[in-house]
Amino acid sequence: MDINFLLFEQFETLDLFGPVEICGRHPDFQLHYISQNGGLVTSTQGVRIDTEPQRNMNTSGVLVIPGGAGTRTLIKEEPFLKNLRRLSEDASFVLSVCTGSALLARCGILEEKRATSNKRAFDWVVSTSDKVHWIRKARWVHDGKFYTSSGISAGMDMTLGFIRDRFGAPAAERIACRMEYIWNKNPDIDFFGT
């Protein structure tokens, strides 16, 4: 199964590398780092990733969108949003971390879906679309083929939840154990929600 991480300038580092660490431990996953044109993309923290051009990706794979400061610019870029909608429609599953859900909401793909986002940016994310059923108190939310997580580290819990849903709890628990990670298995338990 192809896991396509869609990157952009000023993505949040842990939004990417938490799910990467988890997905990289699953034997059925092939990881790809994608951007619109390929080449180097830099995170908010200055980590540089060499990406493949999006035209080379298997669009029917799993699409993963991190959040980060770059989302505040991208929600105004119509060509990016139009492209994101098409990629999301083609993908078998779509996972977003943190403010990545703002991009999905803005491109219209989350209309009438339940979703969540980073609690520190929640009001801003909600302002991107009033057609999404935003869930303030949730570690992550699953609705159809869409998984959206709360802030930053919640992306790891969501990714393990995705693996549990697709491959069973033992597969997710093995990965968490090998990482020595205490997995918050319940998407409704959110210590950061109000």
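Using C-alpha pairs below 8 Å separated by at least 6 residues, the relative contact order for segment 1-83 is 39 percent.
Note on the chain: with a GNM built from Cα contacts shorter than 10 Å, the maximum mean-square fluctuation among 60, 96, 88 falls on 60.
Evaluating 6.51 cos²θ - 1.76 cosθ + 1.60 at θ = phi - 60° for every residue in segment 74-90, the Karplus couplings come out as 5, 5, 9, 9, 4, x, 4, 5, 4, 5, 4, 4, 5, 4, 5, 5, 6 Hz, glycine and proline recorded as x.
Cα gyration tensor of segment 1-91, axes a ≥ b ≥ c as square roots of the eigenvalues: rounded (a/c below 1.5), prolate (a/b > b/c) or oblate? Display every interim value, and only then the final one.
Numbers: a/c = 1.70, a/b = 1.13, b/c = 1.51.
Cα axes put segment 1-91 in the oblate bin.
What number comes out for the charge environment of residue 112, summing +1 per Lys or Arg and -1 per Asp or Glu over other residues with Cβ under 14 Å away? Display every interim value, and only then the final one.
Working: positive: 113, 114, 131, 145; negative: 111, 130, 143.
In short, +1.
With θ taken as phi - 60° and the Karplus curve 6.51 cos²θ - 1.76 cosθ + 1.60 applied, the whole-hertz 3J(HN,Hα) list for segment 160-170 is 5, x, 4, 5, 4, 5, 8, 10, x, 4, x Hz, x standing for glycine and proline. Working from Cα pairs under 8 Å separated by at least six residues, relative contact order for segment 1-177 is 20 percent. Antiparallel beta bridges, as assigned by DSSP with both residues in segment 1-177, represent about 30 percent of the total such bridges. Note on residue 169 and residue 145: the model spin-label points, each 7 Å out from Cα along the C-beta direction, lie 2.8 nm apart. Taken one residue at a time, the phi angles of segment 54-71 give Karplus couplings (6.51, -1.76, 1.60, θ = phi - 60°) of 4, 4, 8, 7, 7, 5, 8, x, 8, 9, 10, 10, x, x, x, 4, x, 5 Hz. Gly and Pro are set to x.
Semi-axis lengths, largest first, of the ellipsoid equivalent to segment 98-194 are 24, 14, 10 Å, with √(5λ) applied to each eigenvalue of the Cα gyration tensor. Sorted from greatest to least, the principal axis extents spanned by the alpha carbons of the chain come out as 41, 37, 31 Å.
For residue 2, nonlocal amide neighbours, meaning residues 5 or more places apart or on other chains whose placed amide H falls under 5 Å from its own, are 30, 62.
Look at the dipole of segment 79-152 built from charges on Cβ: of 81, 95, 110, the Cα furthest out on the positive end belongs to 95. One decimal place: the segment residue 92-residue 130 gains 11.2 nm when fully extended, by the rule 0.36 nm per residue minus the C-alpha distance. Relative to the current alpha-carbon distance between residue 31 and residue 191, full extension at 0.36 nm per residue lengthens the span by 54.6 nm. Judged by the gyration tensor of its Cα atoms, with axes a ≥ b ≥ c, segment 139-194 is oblate; a/c meets the 1.5 cut and b/c is at least as large as a/b.
Net charge around residue 25, counting only other residues with Cβ within less than 9 Å of its Cβ (Lys, Arg = +1; Asp, Glu = -1)? Each step should come with its number before you reach the end.
Details: positive: 174, 178; negative: 21.
Result for the neighbourhood of residue 25: +1.
What does the net charge come to around residue 66 if you take all other residues with beta carbon closer than 12 Å to its beta carbon, with K and R at +1 and D and E at -1?
Values: positive: none; negative: 9, 12, 15.
Neighbourhood net charge equals -3.
Centre-to-centre, using Cα atoms only, segment 137-172 and segment 10-26 are separated by 13 Å. The H on the amide N of residue 51, modeled in the peptide plane, is under 5 Å from the matching H of 39, 40, 41, each at least 5 residues off or on a different chain. Once the 1.4 Å probe is applied to the protein heavy atoms, the chain comes out at 45 Å² accessible per residue.
The values are calculated or read from the model by the stated rules, or taken from the named source; none is laboratory data. Quick caveat, the model's predicted, so the values are computed rather than measured. Every residue, glycine among them, receives a Cβ derived from its backbone with ideal geometry; neighbour counts consider all protein chains shown. The protein model used for the area step is the full one, side chains on, heavy atoms only, and it has no ligands, DNA or RNA in it. Shrake-Rupley method; radii C 1.70, N 1.55, O 1.52, S 1.80 Å.
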